[in-house]
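A.B. asks: The structure follows.
Just so it is clear, none of the values below were taken in a lab; they were calculated from the coordinates. Everything quoted here is computed from the prediction, not taken from an experiment. When we count neighbours, we look across all protein chains shown, and the Cβ atoms used for this are built from the backbone with ideal geometry, even at glycine.
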Protein chains: 2
Amino acid sequence: MGFTKKHIFSDNQNLVASYSKVLGHPARISIIQQISDKKHCNCNQLVKSIGLAQPTISQHLAEIRKIGLLKQTVKGKNLFYSINTEKLNDCRRIVNDFFVKTQVSCNK
Amino acid sequence: MGFTKKHIFSDNQNLVASYSKVLGHPARISIIQQISDKKHCNCNQLVKSIGLAQPTISQHLAEIRKIGLLKQTVKGKNLFYSINTEKLNDCRRIVNDFFVKTQVSCNK
DNA sequence: ACGTGATATTGCAATATCACGTTAAATTTA
DNA sequence: TAAATTTAACGTGATATTGCAATATCACGT
């Protein structure tokens, strides 16, 4: 097999999972942290500081972009990334909601 | 390649990623929710309510167990699972910390 | 001891992911 | 226009994940 049977789960369950999945790789955690630290950050800077090849970083960036967590600004020949803070907030809320509801269920 | 270069990342980055990875599949989200809802829940109940085969559920349970999120109680021939609330709390804290710190960085 | 129900393990096929070399597209600079 | 720089896209090999059937194990009742 190898695929996920998304259709048997609720929209919220799929949403929590897809957000979490993006956070489920240390390179993507590192990328998100660096972009938010440096405000504007291009691909090359990430390649140098993280130590993975450019195509690999680019691929991880694409996955973070997929869930809408990145904004792009073109400045000359550089493409600068920054965090979409509204989306980050949304992401945090969705994941935290899962934890809160689970904890409430556990304690009742 | 196909493997993750964990050694180039910090312990915290790897921790956030490994917790998130476990939450990165809707079946595991559903399993965690059902176990916390029903307090005690055995494998068979999950198989019936979720609609995946028993080995698949068992495999997902093993991954959730790996990060210490499950407790087991044997009652007769039944094995009941419940949530390790301390670990759930820890997990929530680690993930939430990542979000909080990222947001702080974005806003400064 | 035997059968039964519940769960774990094994082995497999299909697919996804990770990492990278190479190439291509776009833009700046000479 | 040509060269240089940056990043996305494509292709590929290696590994991991998902899901399941078959089997093994484990605990209980008879």
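A.B. asks: For B:His7 and B:Asn89, calculate 0.36 nm times their separation in residues minus their Cα-Cα distance, and state this gained length in nm to one decimal.
C.D. replies: Using 0.36 nm per residue and subtracting the Cα-Cα distance, I get 26.9 nm.
A.B. asks: According to the square roots a ≥ b ≥ c of the eigenvalues of the Cα gyration tensor, what is the shape class of segment A:19-61, taking rounded for a/c under 1.5, prolate for a/b larger than b/c otherwise, and oblate for the remainder?
C.D. replies: oblate
A.B. asks: With only Lys, Arg, Asp and Glu charged, each at its Cβ (+1 for the first two, -1 for the last two), find how big the charge dipole of segment B:17-107 is about the Cα centre; round to the nearest 20 debye.
C.D. replies: Here segment B:17-107 has a charge dipole of around 240 debye.
A.B. asks: Okay, next question. Relative contact order, percent, of chain A when contacts are C-alpha pairs under 8 Å separated by at least 6 residues?
C.D. replies: 26
A.B. asks: In addition: Mind sorting B:His25, B:His7, B:His40, A:His60 by how few other Cβ atoms lie within 10 Å of their own Cβ, fewest first?
C.D. replies: Fewest-to-most Cβ neighbours within 10 Å comes out as B:His7, B:His40, A:His60, B:His25.
A.B. asks: For chain A, take every pair of Cα atoms, bin their distances at 10 Å starting from 0, and report each bin as a whole percent.
C.D. replies: The calculated distribution, bin by bin, is 13, 40, 28, 15, 4, 0.
A.B. asks: Angle between the Cα long axis of helix B:54-66 and the longest principal axis of chain B, 0 to 90 degrees, nearest 10?
C.D. replies: 40
A.B. asks: Let me ask something else about it. Relative to the present Cα-Cα distance, how much length would full extension add between B:Lys77 and B:Ala53 at 0.36 nm per residue of separation?
C.D. replies: 6.6 nm
A.B. asks: If you don't mind, there's one more thing I want to ask. Grab the DSSP H runs of chain A that are 4 residues or longer, score each as -39,500 (n - 2.57), total them, divide by all residues and round the 222 nm result to the nearest 500 deg cm²/dmol.
C.D. replies: -20500 deg cm²/dmol
A.B. asks: Within the set A:Lys108/B:Lys71; A:Lys101/B:Lys71; A:Lys5/B:Lys6; A:Lys38/B:Lys5, which residue pairs have Cα atoms separated by over 26 Å?
C.D. replies: Cα-Cα > 26 Å for A:Lys5/B:Lys6; rest within.
A.B. asks: Whole Å is fine, so just give me how far the alpha carbon centre of segment B:86-108 lies from that of segment A:28-73.
C.D. replies: Measuring centre to centre over Cα atoms gives 19 Å.
A.B. asks: Let me ask something additional. Check B:Asn42: other-chain or 5+ apart residues with amide H under 5 Å from its amide H, H built from backbone geometry?
C.D. replies: B:Tyr81
A.B. asks: Next question. Please determine, in degrees from 0 to 90 and to the nearest 10, the orientation of helix A:85-107 with respect to the longest principal axis defined by the Cα atoms of chain A, where the helix direction is its Cα long axis.
C.D. replies: Once rounded, one gets 30 degrees.
A.B. asks: Could you state the angle between the C-alpha long axis of helix A:11-22 and the longest principal axis of the C-alpha atoms of chain A, as a value from 0 to 90 degrees rounded to the nearest 10?
C.D. replies: Compared with the principal axis, the helix lies near 40 degrees.
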